[in-house]
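All remarks here apply to the structure that follows.
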Amino acid sequence: MAALRTLWMGLALLGALGILQTRAEAQVSPQPNFQQDQFLGRWFTSGFASNSSWLREKKEHLYVCKSLVVPMADGGLNFTNTFLRKDQCDTRTLLLQPAGTPGSYSYRSPRWGSTRAVWVVDTDYKDYALLYTSASRDLGQDTHMAFLYSRAQTPRAEVKEKFTTFAKAQGFTEDTIVFLPQTDKCLE
């Protein structure tokens, strides 16, 4: 009987966590009237916020990186990131699949074995873009991230403030918000 009660309590807790997660994600939605064709081109990853302790621990080794966004035949995006790693340029490609509303995407991470939801939450297309991602790998390992992309290697102070405000609205704290330092490598 005790085992059955524990099972039901566990299921009830999972249900409550699912409700809480749904509420948190409901705060994030893609930019209204998102224009994918205007989002294409070169961007620089200038900042991020994350609840991942692993990523925050690696921030000392991270720099601004270049991203190239091109359309795919299925309506998705090929998001190719070039970054400095161990004093060499490394490249990773994310294939973002359309996920309903324009500006909503998903991609499968072979490295982490998870599917991430990605939203382009706010962009003016010519200066900045704010993206939000969410993934569930295993019970208790939900990861949430916000990203600041800018067309220039150094975003304007107003854009950085906009990102900070956005990240805090998603529950990130000051110590989880990172603006990446400049480098002269891997950005051409």
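The values are calculated or read from the model by the stated rules, or taken from the named source; none is laboratory data. Keep in mind it's a predicted model, so treat the numbers as computed, not measured. Every residue, glycine among them, receives a Cβ derived from its backbone with ideal geometry; neighbour counts consider all protein chains shown. These accessible areas exclude ligands, DNA and RNA; they are computed on the full protein's heavy atoms, side chains included. Shrake-Rupley method; radii C 1.70, N 1.55, O 1.52, S 1.80 Å.
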*Residue by residue through the stretch 146-188, note down the ones that are in contact with a Lys or Arg (Cβ under 9 Å, 6 or more places away or on another chain), aliphatic (A, V, I, L, M) and under 26 Å from residue 97 (Cα atoms).*
148, 187
*If only one of 125, 107 is farther than 15 Å from residue 28 by Cβ, open to solvent by 20 Å² or more (accessible area, probe 1.4 Å) and not in a strand (DSSP E or B), which one is it?*
125
_Considering only residues that are in a loop (DSSP other than H, G, I, E, B), touching a residue at least 12 places away in the same chain (Cβ under 8 Å) and open to solvent by 70 Å² or more (accessible area, probe 1.4 Å), which ones fall in the stretch 162-187?_
182, 185
*For residues that are β-branched (Val, Ile, Thr), closer than 20 Å to residue 178 by Cα and outside any loop (DSSP other than H, G, I, E, B), tally how many sit in the stretch 42-92.*
2
_Subset of the stretch 42-72 [modelled with pLDDT of 95 or more and open to solvent by 90 Å² or more (accessible area, probe 1.4 Å)]_ = 42
